[in-house]
Amino acid sequence: MFQKHKVRLSEQRIAIVGGGSIGVGWAVVFGRAGVETALYEPDVSRRTEVAAELEQRLSRLSAGGLLDEAPALAAARVRLAETLEEAVGDATHVQECAPESLELKRELFRELDALTPARVPLASASSALVASAFASELPGRERCLVAHPGNPPYLLPIVELVPARFTDAEVVERAGALFATVGMSPVLVRREVEGFVFNRLQGALLREAYCLVRDGVASVDDVDRVVRDGLGRRWAAIGPFETAELNTRGGIEAHAEMLGPAYARMGAERGQNDPWTPELVARVAGELHERLPPERWEEHVSWRDEALIALERARRESGLFESTAAA
Ligand SMILES: NC(=O)c1ccc[n+]([C@@H]2O[C@H](COP(=O)([O-])OP(=O)(O)OC[C@H]3O[C@@H](n4cnc5c(N)ncnc54)[C@H](O)[C@@H]3O)[C@@H](O)[C@H]2O)c1
């Protein structure tokens with residue numbers, strides 16, 4: 001996926017529209033990858049902060065050993081554009097990072113569609129609004145999509161690509177190839193659903209966390225601690241399906257058989273009725289086993305442990321987590 005298009009970064013011109021947290025975050029990603037980038041921020045007072053913030057974030061990466069060159073060199077690839085037109089006039093990819101407002105994004109995409117050369121992908125960082133909501137009326141709607149990052153994008157490589165029904169598949173491919181080439185980890189969200197995948201997963205956990213606190217089952221700190229010192233540490237190396245596979249001899253199918261009924265009861269307590277049917281479990285197992293064949297289960301369990309050891313060593317060496325651990 002997303003490897004079909006060869007991307008020459010020297011030929012890319014990125015336009016970032018909106019210089020808040022995410023706009024500056026994307027500027028770090030593209031500047032760090034060696035790509036010429038223009039950033040447009042309409043708020044004059046905010047504009048004066050952008051350059052300093054960019055340098056600061058790049059310097060932090062450099063101090064952490066995560067930048068291959070002087071921060072100033074990466075920062076120099078990002079120029080502040082005076083106008084929207086100047087930012088997008090020669091763009092090969094536009095990354096919109098303006099506030100999460102439907103009216104604002106509708107108007108902004110209308111302008112972007114008019115000002116940006118034809119066929120250039122117009123990607124929105126939107127967390128919840130979908131391209132069908134803000135781009136469906138545009139003449140160039142086939143080049144509009146959502147490219148939703150985590151925060152900060154220069155440390156969380158995930159980016160969710162969410163095309164509308166009208167988005168050209170080739171545009172999605174090209175945007176995905178660009179993100180992959182600058183070190184991101186693009187995933188395709190196949191349908192426009194609220195929250196995409198990232199926030200739906202995050203929401204499932206957060207909804208339950210609120211319920212547990214409301215019902216007096218655990219304190220706020222203890223809920224955070226269960227994630228910080230348990231679930232989250234494992235998730236730093238492997239995802240939830242991989243966890244189910246590697247936690248149980250017999251893999252994810254044995255896991256579903258053993259724990260499926262208990263998870264179904266927990267869901268029913270919250271009014272959710274989405275059983276893991278045998279067909280669904282078999283489909284998940286089938287996809288998962290293409291990457292983690294059952295005959296290599298022991299090897300993957302060892303890898304998981306090695307990965308957790310490496311992460312634990314990094315935590316200890318950093319000295320950053322002592323206060324959290326002591327809390
Ligand atoms: N903050 C997050 O955790 C996060 C994560 C993923 C995605 N997002 C999404 O990214 C987008 C930007 O979020 P943010 O947190 O950077 O917001 P922010 O408020 O920090 O920054 C938005 C910037 O856009 C500027 N702006 C306002 N009107 C504009 C316009 N018409 N054209 C261009 N720029 C304009 C603002 O002056 C501001 O500097 C939103 O859609 C948000 O939902 C945010």
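Computed from the coordinates by the stated procedures, all read-outs in this text should not be read as laboratory data. Please read these numbers as outputs of a predicted model, since none were measured by experiment. Cβ sites come from the backbone with ideal geometry, for glycine too, and all protein chains shown count toward neighbours.
If you bin every alpha carbon distance in the range 163-215 into 10 Å steps from zero, what whole percent lands in each bin?
20, 34, 26, 14, 5
Could you list which residues have their amide H under 5 Å from that of ARG13, counting only those 5 or more apart in sequence or on another chain, with H placed in the peptide plane?
Excluding prolines and chain starts, which carry no amide H, the hits are THR92, HIS93.
Hey, what angle do you get for helix 297-318 against the long axis of the chain, alpha-carbon based, 0 to 90 degrees rounded to 10?
60 degrees
Using Cα pairs closer than 8 Å and at least 6 residues apart in sequence, work out the relative contact order for the chain, in percent.
Across the chain, relative contact order equals 13 percent.
Given H placed 1.01 Å from N in the peptide plane, which residues other than close sequence neighbours of LEU39 have an amide H under 5 Å from its amide H?
ILE16, ARG79, LEU80, ALA81
Test of understanding: in a Gaussian network model of the chain with alpha carbons linked when under 10 Å, which of GLY176, GLY25, GLY271 would top the mean-square fluctuation ranking?
The residue that fluctuates most here is GLY271.
Per residue of the range 215-222, in order, report the coupling 6.51 cos²θ - 1.76 cosθ + 1.60 (Karplus, θ = phi - 60°) as ³J(HN,Hα) in whole Hz, putting x for Gly and Pro.
Result, ordered by residue: 8, x, 6, 7, 7, 4, 5, 5 Hz.
Using only the Cα atoms of the range 236-326, construct the convex hull and provide its projected area averaged over every direction, in square nanometres to one decimal.
Here the figure is 7.8 nm², rounded to one decimal.
Which of rounded, prolate, oblate describes the chain, given a ≥ b ≥ c as roots of the alpha-carbon gyration tensor eigenvalues and a/c under 1.5 marking rounded, otherwise prolate only if a/b is larger than b/c?
Prolate is the answer for the chain, as a/c is 1.5 or above and a/b outweighs b/c.
Could you give the dipole magnitude of the chain about its Cα centre, charging the beta-carbon of Lys and Arg +1 and that of Asp and Glu -1, in debye to the nearest 20?
Its charge dipole is roughly 180 debye.
Order 152-159, 207-214 from most to least packed using the mean count of other Cβ atoms within 10 Å.
Result, highest mean first: 152-159, 207-214.
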